[in-house]
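Encoded as structure tokens, the structure appears first; notes follow it.
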Amino acid sequence: MIEFLSDPSWIHPQTDFLLFLQNIRTSVPEAVDKIFLSITIFGEFWLPTLLCATVYWCIDFHAGIYLFSLEGINSLFAHLFKMIACVYRPWILDNRIHPSKLAIPYAKGYSFPSGHSFMSSSVFGGIAYLNKKNKLTVTLLILLILLVGFSRLWLGVHTPQDVLCGLLTGCILVFALKPLIDWAEKKENRYLYLLGIINTLAILALIYVYFFNTYRMDYVSGKLLVDPERLKYNTAVVYAYSLGLINGLLKYVLEIIIMNQMHFIIAVIPMFIVGFTITFIYPFIFTKLINKNI
């Protein structure tokens with residue numbers, strides 16, 4: 001656990017800023033909260049996924065690979081960082097903070113880093129990087145990224161450290177991943193090496209999250225503030241989604257391998273299915289039938 005991230009001496013100047021925004025927020029109509037809640041949607045996974053899919057399917061296949069890789073790796077890192085840091089939400093760190101009631105249902109779990117800021121700076125930062133010659137597009141995308149980050153502060157669900165670290169990590173990922181993707185595209189089998197590394201690291205990260213990490217177990221009035229077991233489950237679900245995205249990007253590489261090794265596949269896969277059916281499928285079906293008859 002990274003203790004200094006939730007040390008009061010580090011938090012207090014940030015909560016003062018959140019209280020400043022809170023005073024403004026509580027003096028304006030709730031419609032303003034709704035506007036910022038709409039902006040924050042650009043940092044959630046489903047909207048960037050739709051945008052990445054549109055690019056991947058309809059506009060530029062290679063650009064789509066880059067954007068989907070950004071989204072997938074972003075999700076892997078964001079949840080790992082949250083589970084390692086175990087930093088509570090601002091209203092837990094300082095009870096003077098009262099987040100927007102509209103945002104509370106969407107702000108569960110640990111706080112550091114801001115997943116919305118991380119996601120928006122990764123995906124929209126990647127689009128800006130691909131269109132870096134178009135200054136208007138880049139400016140608008142940077143403005144959108146900053147607005148997503150600010151929306152998390154306005155709604156009171158993140159501290160400045162959460163947002164800034166999310167934005168910074170996303171930007172680093174944008175610039176670090178593009179050369180790696182370019183390197184992998186020069187040879188088909190490089191994608192397989194990259195896939196093997198990502199899958200291995202993801203599995204190791206999950207093992208760490210489930211079995212080796214130490215979590216905060218703080219109670220208020222007998223109620224656990226944050227349930228690590230629920231977050232472990234959420235992390236596994238997100239990892240499954242992210243690895244599905246990343247592995248699926250290699251379909252055209254796998255198609256080449258399949259075509260070149262068709263004779264081998266025709267011999268191996270049916271025998272695998274036969275063996276698996278004997279030791280798993282049949283016993284499973286019979287067990288169900290016997291239990292049903294009993």
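The values are calculated or read from the model by the stated rules, or taken from the named source; none is laboratory data. As the structure is a computational prediction, the values presented were derived from the model and not from experiment. For neighbour counting, all protein chains shown are included, and Cβ atoms are generated from backbone atoms with ideal geometry for every residue, glycine included.
The condition of being of a type in the set (G, A, S) and in contact with a Ser or Thr (Cβ under 6 Å, 6 or more places away or on another chain) holds for only one of S75, S111, that being S75. Only a single criterion out of (1) assigned to a helix (DSSP H, G or I); (2) in contact (Cβ under 8 Å) with a residue 12 or more places away in the chain; (3) more than 19 Å from the chain's Cα centre (by Cα) is not satisfied by T137, namely (2). How many residues, within region 182-235, are touching a His at 6+ places or on another chain (Cβ under 9 Å) and among the polar types (S, T, N, Q)? Number of matching residues: 2.
The sole residue among L167, L195, L173, L155 that is touching a residue at least 12 places away in the same chain (Cβ under 8 Å), over 18 Å from the mean Cα position of the chain (by Cα) and either surrounded by 15 or more Cβ atoms within 10 Å (Cβ to Cβ) or under 18 Å from M119 (Cα atoms) (or both) is L155. Criterion applied to K133, K101, K82 was being out of contact with any helix residue (DSSP H, G or I) (no Cβ under 9 Å at 6 or more places or on another chain) and either modelled with pLDDT of 95 or more or assigned by TED's automatic domain parsing to the domain that holds S27 (or both), and the one residue passing it is K133. Note on region 28-122: enclosed helices (runs of 4 or more DSSP H) holding 1 or more residues that are among the charged types (D, E, K, R) and out of contact with any Asp or Glu (no Cβ under 8 Å at 6 or more places or on another chain) are 30-40, 61-85.
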